[in-house]
1. Taking the range 28-92, which trypsin sites (Lys or Arg not before Pro) meet the DSSP loop condition and have no more than 14 other C-beta atoms within 10 Å?
2. Roughly how many debye, to the nearest 20, is the charge dipole of the chain about its Cα centre, given +1 on each Lys and Arg Cβ, -1 on each Asp and Glu Cβ, and no other charges?
3. Restricting things to alpha carbons, tell me how big the chain is in terms of Rg and Dmax, in Å.
4. Express the carbon and sulfur contribution to the solvent-accessible surface of the chain as a percent, rounded to the nearest whole number, probe 1.4 angstrom.
5. Skip the ligands, DNA and RNA, and give the accessible area per residue of the chain with a 1.4 Å probe, whole Å².
6. What are the ³J(HN,Hα) values, in whole Hz, obtained from phi via the Karplus relation 6.51 cos²θ - 1.76 cosθ + 1.60 with θ = phi - 60°, for each residue of the range 75-83 in sequence order, with x given for Gly and Pro?
7. What FRET efficiency, computed as 1/(1 + (r/R0)^6) with R0 = 22 Å and r the Cβ-Cβ distance, is obtained for ASP75 and SER53, rounded to the nearest 0.05?
8. On C-alpha positions alone, give me the angle between the axis of helix 54-68 and the longest principal axis of the chain, in degrees, nearest 10.
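The values are calculated or read from the model by the stated rules, or taken from the named source; none is laboratory data. Since the structure is predicted, the reported quantities are computational estimates derived from the model, not experimental observations. Backbone-built Cβ (ideal geometry, glycine too); neighbour counts: all protein chains shown. Surface accessibility is based on the protein's heavy atoms, side chains included, excluding ligands, DNA and RNA. Shrake-Rupley method; radii C 1.70, N 1.55, O 1.52, S 1.80 Å.
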Amino acid sequence: MDLPVGPEYVVGPGDGLAINVWGGISQRMFRIVDREGRITLPEAGPLLVSGRSLGDVQRTVQQLLRTQYRDVSADVSLSRLRTVRIYVVGDVAEPGAYDISSLSTPLNALFAAGGVTRAARCGP
């Protein structure tokens, strides 16, 4: 799924973050949120980001980098959505485990499993 996310998106383990820094220094970093919910920033160390909104993470990263560098601005965006493993069972064409985007809905999961069977559509 190639969906835009807003500043209210809640960051979690497995999400990829692109951090663009400009001003006193110019740098582009890519970080994956680890299992403990952290990313590591140069000169600043680990930062807990899991469970926080993308907008909040951006403000925190910018404040943290400003303590290390003069006159910098930072932009944080999502470069990769985490996936979640779900199990689709019942009257579907292909029951089983599926890795889907964290923004997916139950309808997306049903689609991944090939849709409902004829028996499910028609009833007993």
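1. Values: sites: ARG28, ARG31, ARG35, ARG38, ARG52, ARG59, ARG66, ARG70, ARG80, ARG82, ARG85; in loops: ARG35, ARG52, ARG70, ARG82.
Hits after loop and neighbour filter: ARG35, ARG70.
2. Numbers: 13 positive and 12 negative charges, 14 e Å.
Using only the charged Cβ atoms, the result is roughly 60 debye.
3. When restricted to the Cα atoms of the chain, Rg and Dmax are 19.5, 70 Å.
4. Working: 4020 of 7700 Å².
Using a 1.4 Å probe with all protein chains present, the chain comes out at 52 percent carbon and sulfur.
5. 62 Å²
6. 10, 10, 10, 8, 9, 8, 7, 5, 10
7. On the way: r = 15 Å, r/R0 = 0.68.
E(calc), rounded to 0.05, equals 0.90.
8. Approximately 20 degrees, to the nearest ten.
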